[in-house]
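What follows is a set of notes on a single structure, which appears directly below.
The values are calculated or read from the model by the stated rules, or taken from the named source; none is laboratory data. Just so it is clear, the structure is predicted and the values come from calculations on it, not from any experiment. So basically every Cβ, Gly included, is an ideal-geometry build from the backbone, and we count neighbours across all protein chains shown.
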Amino acid sequence: MSVDDAETDDESEPAPDEEEAATTEEPAEESTGAETDNGGDTEASGDPVPVGVKLGSTRTVIAMPGDGDDLETVRTLTCLATYEDAITGQEQVIFGEEAAEQYPDRVQFTLRSGLPEDEKGADLTRRFFQSVIEANDVPENSGVVYAIPTIENERGLANLQSVVEDSGIGEHFIQSYPESLCGAIPAFGDGLEAINEIFLAVNMGSTNLEASAYRRGEQLAPFTTGAVTGNEVDRRIANYVEAETQGRVNVDTQTAREYKEQHADFQNFEPFTDVIQQPGGGAHEFTIERSVMDAVDEYLDEVVEEFANTFLPELANDHMKVYQLALDQPIVLTGGMACIPGIVDEFAERASEALNRDVEAIAPDEPDLAATIGAQRIAARLTEN
Ligand SMILES: Nc1ncnc2c1ncn2[C@@H]1O[C@H](COP(=O)(O)OP(=O)(O)O)[C@@H](O)[C@H]1O
Ligand SMILES: [Mg+2]
């Protein structure tokens, strides 16, 4: 299977007629494909297309205008595998869910630590991003805003920048904004209301926990720790599953992540069963009652602890007035871990207790997509100017 066939975990299905065309007219498309290098719906006008991008260590999300007023979002695991074409011998790239599923032996998550650390990581990420862009016809005739993590790693950030700049998209402009600001934008409204507010954002990602204050878009007192992360939750789930099953079941961290994403729920968690195939044949069915929720429960305690006891004192120290103003506003939770049902209310409750005062919390509708959607809105505003 080639890049063009690679499936992305696409939130917005293509229109039915497009889908049909893709399956019935593939040979025709192949013969004309070479002439159209500016993909998407952009041929009609020369206006730059506003595109939002987030290259995350677990998933990459791209947003651009779709049919009518709809936003089209593409969501895919940030991983790739290569294989040799059985007939031509040429190296082919396959990415995302398909790569993880079909080539578990050699799939590479290119941003495992959050940023491309070195040239090799940058090259892999380049190939991955290029493949995603081609498979989804992201237009070159575009203005791109990409969300960046708040990490003091100049080299990694420069590498990430080069990945986006070398991709060919963003002919009109390429700019970056902090991920937690981008992610908070959809929590405030349908536009860019967040940019006029003073608020606190807590970004709960796979490799980092970040907290910042924002004052009309200006980032203040940014705090980052690599100790409280979605990846660590996955590792704990894997360990707890082993303990809960008296050592009978070992799951890898990918499976642990899937358990977390499918079952973690602070309001209505239900024990679930899964089956493992045993090497000698036969299957072993087991039930998970505690492993997932124990791990996310500890995670949330640690998030609140870092927020209340490390980030906030530093903010109060540097910006007392902003601290006071911001704590009267809802705290915005962003990042993929904010998807866990009930986590927002639970955070507010535990943070209120830790701070001895009532604080509120909110999250965007789709925290895992929000940073990209916010970035896309900034890009749209920039293309208007
Ligand atoms: N629906 C979900 N439920 C629980 N956790 C989720 C969900 N979606 C994503 N996550 C978790 O969120 C983390 C990814 O968050 P994200 O903000 O995309 O991170 P990063 O910027 O580090 O790539 C991962 O640990 C992932 O498993
Ligand atoms: Mg992140």
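When segment 348-369 is filtered for residues that are under 21 Å from ALA194 (Cα atoms) and either of a type outside the set (D, E, K, R) or within 16 Å of ligand 2 (Cβ to nearest atom) (or both), the ones remaining, listed by number, are ALA348, VAL359, ALA361, ILE362, ALA363, PRO364, GLU366, PRO367, ASP368, LEU369.
Would you please list the contacts, defined by Cβ atoms under 7 Å and residues six or more apart or on different chains, that run from a residue in segment 258-282 that is part of a helix (DSSP H, G or I) to a residue that is at pLDDT 95 or above and of a type in the set (Phe, Trp, Tyr)? The qualifying pairs are HIS263/PHE269; HIS263/PHE272.
With respect to PHE307, determine if the residue is among the aromatic types (Phe, Trp, Tyr), modelled with pLDDT of 95 or more and touching a Leu at 6+ places or on another chain (Cβ under 8 Å). No: the conditions fail for PHE307.
Scanning segment 193-218 for residues that are within 16 Å of ligand 1 (Cβ to nearest atom) and in contact with a helix residue (DSSP H, G or I) (Cβ under 8 Å, 6 or more places away or on another chain) yields ALA201, VAL202, ASN203, MET204, GLY205, SER206, THR207, LEU209, GLU210, ALA211, SER212.
Among the residues of this structure, ILE331 does not count as one that is crowded, with 23+ Cβ neighbours inside 10 Å and modelled with pLDDT of 95 or more. Might you check whether a residue that is among the aromatic types (Phe, Trp, Tyr) and within 16 Å of ligand 1 (Cβ to nearest atom) occurs anywhere in segment 346-361? Within segment 346-361, one or more residues are among the aromatic types (Phe, Trp, Tyr) and within 16 Å of ligand 1 (Cβ to nearest atom). Before we move on, is VAL144 assigned to a helix (DSSP H, G or I), modelled with pLDDT of 95 or more and in contact with a strand residue (DSSP E or B) (Cβ under 6 Å, 6 or more places away or on another chain)? When the stated conditions are applied, VAL144 does not pass them. Just one of ALA81, ALA135 is of a type outside the set (Ser, Thr, Tyr) and either under 23 Å from MET64 (Cα atoms) or within 16 Å of ligand 2 (Cβ to nearest atom) (or both); which is it? One residue alone meets the criteria, ALA135. Scanning segment 225-249 for residues that are in a loop (DSSP other than H, G, I, E, B), polar (S, T, N, Q) and either within 16 Å of ligand 2 (Cβ to nearest atom) or touching a Lys or Arg at 6+ places or on another chain (Cβ under 8 Å) (or both) yields one hit, THR229.
Considering only segment 72-89, state which residues are surrounded by fewer than 19 Cβ atoms within 10 Å (Cβ to Cβ), more than 27 Å from ASN159 (Cβ to Cβ) and either touching a strand residue (DSSP E or B) at 6+ places or on another chain (Cβ under 7 Å) or in contact (Cβ under 8 Å) with a residue 24 or more places away in the chain (or both). Matches in segment 72-89: GLU84, ASP85.
Filtered by the rule that a residue be away from ligand 2 (no atom under 16 Å from the Cβ) and either closer than 15 Å to VAL145 by Cα or touching a Lys or Arg at 6+ places or on another chain (Cβ under 6 Å) (or both), segment 170-194 gives GLY170, GLU171, HIS172, PHE173, ILE174, GLN175, LEU192.
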